[in-house]
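Participant: I am attaching a structure below and will ask some questions about it afterwards.
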Amino acid sequence: HRDLHLSIRRQRQMCIRDRLNVIIFGKPGSGKGTQAAMIKDKYGLIHVSTGDVFRKNTSEGTELGNIAKQYMSKGELVPDKITIAMLESEIKSFMPCNGFILDGFPRTILQAESLDKLLVNLNLKIDLVIALDVPNKNLINRLLERGKTSGRSDDQSKEKINKRLEEYDNKTKPLIIFYENQKKFYSIDGVGSLTDVNNRLVDVIDSKYND
Ligand code: ADP
């Protein structure tokens with residue numbers, strides 16, 4: 001009886017694990033992309049970075065890329081309508097999967113509401129939203145450093161960086177309350193070595209799934 005119980009419990013855990021859908025949240029330069037890539041390998045998730053998709057389109061000169069570039073180059077968010085349509089087609093393109101990690105999406109309340117609707121239609125949901133908490137002064141230094149090698153023009157001027165931080169405060173920050181209300185929001189200290197931050201992230205994910 002005990003063995004059976006254990007085996008059911010193990011199966012249940014595996015099923016839940018298979019459906020780990022995570023949002024990695026935070027200000028520009030907080031380390032979302034780096035940490036998402038580490039988490040993706042550990043848990044076998046699909047990693048979707050809206051910034052990467054926009055940049056790929058920009059470098060390929062697609063219509064979407066040309067539109068997105070006008071906003072990205074100023075440090076502004078790309079309009080919701082365009083971003084949401086892009087994200088929907090990305091998600092649909094890799095379904096079914098064993099779970100995904102969203103990096104850089106949602107960044108507005110409208111994007112979050114659209115995501116919830118899309119996932120309901122696919123019989124899925126977001127399990128966890130984990131924010132990387134980093135003070136602005138560290139962010140500005142990190143972004144300027146990254147700008148020296150990344151070739152990203154939005155990382156090369158203080159003005160564009162400040163614009164992105166302003167966009168975060170005005171449009172993205174309200175998502176904290178949105179996801180707190182859904183009881184999915186967790187915040188970890190994003191300052192420290194990559195491994196330290198990754199361990200904190202893994203602790204949050206595992207504490208939610210191993211209880
Ligand atoms: P960072 O987090 O450092 O700003 P990203 O690569 O995530 O880097 O985003 C770069 C730019 O791409 C943003 O400044 C914005 O113009 C655009 N972008 C990315 N994700 C979104 C989104 N969800 N909504 C609107 N614009 C976005």
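The values are calculated or read from the model by the stated rules, or taken from the named source; none is laboratory data. Note that this is a predicted model, so its numbers are computed, not measured. All Cβ positions, glycine included, derive from the backbone under ideal geometry; neighbour counts span all protein chains shown.
Participant: Being away from the ligand (no atom under 13 Å from the Cβ) and either modelled with pLDDT of 95 or more or surrounded by fewer than 17 Cβ atoms within 10 Å (Cβ to Cβ) (or both): is that true of Asp80 here? Give the steps one after another, and end with the answer.
Facilitator: Values: away from the ligand (no atom under 13 Å from the Cβ): no; either modelled with pLDDT of 95 or more or surrounded by fewer than 17 Cβ atoms within 10 Å (Cβ to Cβ) (or both): yes.
No: the conditions fail for Asp80.
Participant: Only one of (1) near the ligand (Cβ under 9 Å from one of its atoms); (2) part of a helix (DSSP H, G or I); (3) buried (at least 19 other Cβ atoms within 10 Å of the Cβ) fails for Ala36. Which number is that?
Facilitator: With respect to (1) near the ligand (Cβ under 9 Å from one of its atoms); (2) part of a helix (DSSP H, G or I); (3) buried (at least 19 other Cβ atoms within 10 Å of the Cβ), Ala36 is out only on (1).
Participant: Related question: Mind telling me which of the residues Leu102, Leu20 ends up being buried (at least 18 other Cβ atoms within 10 Å of the Cβ) and modelled with pLDDT under 95? Before you say what the answer is, go through the steps one by one.
Facilitator: On the way: Leu102 fails: modelled with pLDDT under 95.
Answer to the selection: Leu20.
Participant: Being more than 14 Å from the ligand (Cβ to nearest atom), in contact (Cβ under 8 Å) with a residue 40 or more places away in the chain and touching a strand residue (DSSP E or B) at 6+ places or on another chain (Cβ under 7 Å) narrows it down to one residue among Leu20, Leu45; which is it? Before the answer, list the steps.
Facilitator: Details: Leu20 fails: touching a strand residue (DSSP E or B) at 6+ places or on another chain (Cβ under 7 Å).
Only one candidate qualifies: Leu45.
Residue-by-condition table, conditions (1) touching a residue at least 40 places away in the same chain (Cβ under 8 Å); (2) outside any strand (DSSP E or B); (3) closer than 24 Å to Ile91 by Cα; (4) basic (Lys, Arg):
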| position | (1), (2), (3), (4) |
| --- | --- |
| Ile126 | yes, yes, yes, no |
| Asn141 | no, yes, no, no |
| Ile177 | no, yes, no, no |
| Val191 | yes, yes, no, no |
| Asn199 | no, yes, no, no |
| Asp203 | no, yes, no, no |
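Participant: List the pairs whose first member sits in the range 83-106 and is on the phi > 0 side of the Ramachandran plot and of a type outside the set (Ser, Thr, Tyr), whose second member is within 12 Å of the ligand (Cβ to nearest atom) and at pLDDT 95 or above, and whose Cβ atoms are under 7 Å apart, counting only residues at least 6 apart or on separate chains?
Facilitator: Note: pairs meeting the criteria are Gly104/Lys32; Gly104/Ser49; Gly104/Thr50; Gly104/Gly51.
Participant: I would also like to ask the following. Being within 23 Å of Gln111 (Cβ to Cβ) and not in a loop (DSSP other than H, G, I, E, B) is the requirement here; does Arg164 meet it? Spell out the reasoning first.
Facilitator: Numbers: within 23 Å of Gln111 (Cβ to Cβ): yes; not in a loop (DSSP other than H, G, I, E, B): yes.
Yes, satisfied.
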